[in-house]
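Each remark here refers to the structure printed beneath this line.
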Amino acid sequence: MSLLTENLTGLTVPFSPPYIDEDIIAEVVDTLRSGWITTGPKVQQLETLAKDFIGCKQAVCVNSWTSGATLVFKWLGIKPGDEIIIPAYTYAATALTVLHAGATPIMVDVLDDCTIDPEQVRKAITPRTKAIIAVDFGGWPCNYGQLLEVVSGDEAKAGFTGANTVQQGFGRPIVIADAAHSLGAIYNGVSAALASDITIFSLHAVKNITTAEGGLIALSLPEQFSNDEVYKWMKLNSLNGQTKDAFAKNNEGAWKYDIVADGLKINMTDVCAAIGLAQLRKYKDQLLPARRQVFDRYSSLLSGKEWAIMPSAQDDRRISSFHLYPLRIKNISEQQRDEIIKQMAENGVAANVHFIPLPMLTLFKDMGFSITDFPVAYRNYANEISLPLYPTLSFDHCVYIAELLEKVYLEVI
Ligand SMILES: *Cc1c(COP(=O)(O)O)cnc(C)c1O
């Protein structure tokens, strides 16, 4: 751990500092010296590397998960009156993008493993349902097999009317993965990003791979769509609907352009892409295994503690991307959980909570949502503590954190 992060947080163990080494700094400096700092060759390289890593057909870089979702909704032609089903237990951005599109968020409860409950989704589908956003909580993939079964069921299909050619191409509500946490997660032996209809990653500073702020849309659309055409549409509509990006215009004699769509302005810069590019080169062999090692260390240190409910890491279909270590503690109240986090902070460890369920936040309360309708989300939240998790977290620190946690827990209960 660098002195810088210690000084920044005032804590011995920060929660999730970005991974910055000399190779990453060199890649950024290379961009700065190249004379080209906005969307250009580094974004293109990052898209190619991401596409190869994920195994998808196309990858589109944008400036956040949130704007990526806005672009996807624009492509789907989401309109006021449309309903999008989301879990109540997620970060606010999942719901905010639905509101930005003018659509209505329909919240449902989650399962014990914090992923959206496919049975609740089935019950929430109406003729107005256009999409479901499934959140891979902490990097743990949703049950995409069951979700696709639900949206492809006779009932869901019969009620569905496609308002445009994209919606008609699916002929049913579409399953969007909020994969903000789950780059590198596995479903049925391949990237979990291939298990939904369309997947959006976040490259925000705290995520497994970061471009400071950024997002990535992974496309592996069914055969009625051309992934190359959709890629072109998304690139065009992420940069003002302009036929040439600034880099292409910069070539000699290529100044002329046209505006052919009411595009958004959500392109990623090369300076940002350089950070993610240098990180992603190390992800599969170094950074992701290092995250798993920290995760597994916590699990072995906490195994045998009757008060600890360990998070899911692997089952017969899924492997996590180990974004979070969302530990839950048996039989504690929300107040006791808050006290444990406070005392850990006083002892130099920054723990965190994922997430405050949306119906507990003012905006959504004012919209009429009530947490009493989402008992599992509340239960999962009330006793949850996310422990620090990042590739450079040492074995000694993990031992210290686990010991501190037990000491504080015994004091608080
Ligand atoms: C971080 C996060 C987002 C938002 O990502 P941005 O890139 O900041 O827009 C969305 N959903 C979840 C679950 C997140 O954790």
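Three principal axis extents describe the C-alpha atoms of segment 324-399; from largest down they are 46, 25, 21 Å. Here is the list for segment 174-256: GluC sites (Glu not before Pro) lying in DSSP coil, each with at most 11 other C-beta atoms within 10 angstrom of its C-beta, are Glu223, Glu252. Of the peptides 83-89, 139-145, 164-170, the order by per-residue mean of other Cβ atoms within 10 Å, starting with the highest, comes out as 83-89, 139-145, 164-170.
Taking a Cβ cut-off of under 9 Å around Asn383, the surrounding Lys, Arg, Asp and Glu residues balance to a net charge of +2, with basic ones at +1 and acidic ones at -1.
Size check on segment 133-258: the Cα extents along the three principal axes, sorted descending, read 55, 37, 21 Å. DSSP bridge analysis restricted to the chain gives an antiparallel fraction near 60%, rounded to the nearest 5. Sequentially through segment 403-411, phi angles give Karplus couplings (6.51, -1.76, 1.60; θ = phi - 60°) of 5, 4, 4, 5, 4, 5, 4, 5, 5 Hz, Gly and Pro residues having no value and appearing as x. Charged neighbours of Lys79, selected by a Cβ distance under 14 Å, balance to +1 (K, R count +1; D, E count -1).
Between the alpha-carbon centres of segment 134-163 and segment 351-400 there is a gap of 24 Å.
Counting only heavy atoms of the protein chains, get the accessible area per residue of segment 305-389 (1.4 Å probe) and round it to a whole Å² value.
Value returned for segment 305-389: 43 Å² of accessible area per residue.
Counting 0.36 nm for each residue step from Lys265 to Asp154 and taking away their Cα separation leaves a gain of 36.1 nm.
For segment 176-182, backbone phi angles converted through the Karplus equation (6.51, -1.76, 1.60; θ = phi - 60°) give residue-by-residue couplings of 9, 8, 7, 9, 3, 9, 10 Hz, Gly and Pro being listed as x.
According to the Cα-based calculation, Rg over Rh for segment 189-252 is 1.05, with Rh computed by the Kirkwood formula.
A 1.4 Å probe run over the protein chains yields, for segment 22-275, 39 Å² of accessible area per residue, whole-number rounding.
Of the heavy-atom accessible surface of the chain (probe 1.4 angstrom), what whole percent is carbon and sulfur? Carbon plus sulfur share of accessible area: 53 percent.
Between Leu99 and Asp228, the contour length at 0.36 nm per residue exceeds the Cα-Cα span by 43.6 nm. A simple rule links phi to the HN-Hα coupling: the Karplus curve 6.51 cos²θ - 1.76 cosθ + 1.60 with θ = phi - 60°, which for segment 81-98 gives x, 6, 10, 10, 8, 9, x, 6, 10, 7, 6, 4, 4, 4, 7, 4, 5, 5 Hz, with x for Gly and Pro. Between the amide H of Leu387 and those of Tyr325, Leu327, distances stay under 5 Å, these residues lying 5 or more places away or on another chain, with hydrogens modeled in the peptide plane.
Principal axis analysis of the Cα atoms in segment 145-196 yields extents of 34, 21, 15 Å, listed in decreasing size.
At q = 0.11, 0.12, 0.16 Å⁻¹, what log₁₀ I(q)/I(0) does segment 22-275 have when each alpha carbon counts as one equal point scatterer in the Debye sum? Here log10 of I(q) over I(0) equals -0.58, -0.68, -1.17.
Can you pull out the chymotrypsin sites (Phe, Trp or Tyr not before Pro) in segment 209-283 whose DSSP state is coil and whose Cβ has at most 14 other Cβ atoms within 10 Å? Display every interim value, and only then the final one.
Working: sites: Phe225, Tyr231, Trp233, Phe247, Trp255, Tyr257, Tyr283; in loops: Phe225, Trp255, Tyr257.
Passing sites in segment 209-283 are Trp255, Tyr257.
Can you tell me the FRET efficiency between Asn164 and Thr372 if r is taken as the Cβ-Cβ distance and R0 is 41 Å, rounded to the nearest 0.05? According to the calculation, E is roughly 0.60.
The values are calculated or read from the model by the stated rules, or taken from the named source; none is laboratory data. Just so it is clear, the structure is predicted and the values come from calculations on it, not from any experiment. Glycine also receives a Cβ, built like all others from the backbone with ideal geometry; neighbour counts cover every protein chain displayed. Note: areas computed on protein heavy atoms with side chains; ligands, DNA, RNA excluded. Shrake-Rupley method; radii C 1.70, N 1.55, O 1.52, S 1.80 Å.
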